[in-house]
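Taking it in order: structure first as structure tokens, then the write-up.
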Amino acid sequence: MPLMHRVADCVRGMGDEVWEKVDTFDLDLPVGDFDSPTISPNQRSGGKLLTQNLSMIPDSIRPILLSGGLTPEEVDRLAAGVRAELKEPKVKQFFQFVYAWAVKK
């Protein structure tokens, strides 16, 4: 059982007097823009947005990588590699989001 589903069980364990509803759901988004008969149009759209966000991570963590001892050239090479893999993935992958939520009484 995924860890987030166990979180929902912990919330349920607090008792019915605390929560009206506790539930979980999974959301699988493709990493990259690819077609599959199992992907809905909404998943494909979400996957495109996820991929755009993932492509910005190298710029976001650049200062950390530089302060960790990498040279600007090494960071640029790593960033280019991430972006290339996102643009033309060697393996089709999905990112799974597991949500646990509850409505408090």
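The values are calculated or read from the model by the stated rules, or taken from the named source; none is laboratory data. None of the values given here were measured: they were computed from a predicted structure. Cβ sites come from the backbone with ideal geometry, for glycine too, and all protein chains shown count toward neighbours. Surface accessibility is based on the protein's heavy atoms, side chains included, excluding ligands, DNA and RNA. Shrake-Rupley method; radii C 1.70, N 1.55, O 1.52, S 1.80 Å.
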#### Entry: Spin-label pair VAL98/LEU49, simplified geometry with 7 Å Cα→Cβ offset, distance in nm
2.3
### Query
By what distance, in whole Å, do the Cα atoms of the chain stretch along each of the three principal axes, largest value first?
57, 40, 22
### Net lengthening on full extension, VAL7/LYS21 (0.36 nm per residue, minus Cα-Cα)
3.7 nm
### Task
Quickly rank 12-18, 99-105, 23-29 as a protection proxy: mean count of other C-beta atoms within 10 Å, highest first.
23-29, 99-105, 12-18
#### Entry: Charge dipole (debye, nearest 20) of the chain; +1 at Cβ of Lys and Arg, -1 at Cβ of Asp and Glu
60
### Query
For the chain, how many pairs of lysine residues have a Cα-Cα distance under 25 Å, where the two are 8 or more positions apart or belong to different chains?
5
### Query
To one decimal place, what orientation-averaged projected area in nm² is obtained for the convex hull of the Cα set of region 12-57?
5.3
### Query
Working out 0.36 nm times the residue gap between VAL91 and MET14, then minus their Cα-Cα distance, what length gain in nm do you get to one decimal?
23.5 nm
### Task
Please name whichever of TRP19, GLY81, LEU50 sits farthest to the positive end of the charge dipole of region 1-96, dipole taken about the Cα centre and charges placed at Cβ: Lys and Arg +1, Asp and Glu -1.
GLY81
#### Entry: Cβ crowding within 10 Å averaged over residues, with 63-72, 38-47 ranked highest first
38-47, 63-72
### Sum of side-chain charges, PRO63 neighbourhood, beta-carbon under 15 Å (Lys, Arg +1; Asp, Glu -1)
-2
### Message
Could you report the accessible area of GLU88 in Å², rounded to 10, computed with a 1.4 Å probe on the protein chains as they sit in the structure?
### Response
130
### Query
Where the accessible area of the chain is counted over protein heavy atoms with a 1.4 Å probe, how much of it, in %, is carbon and sulfur?
59
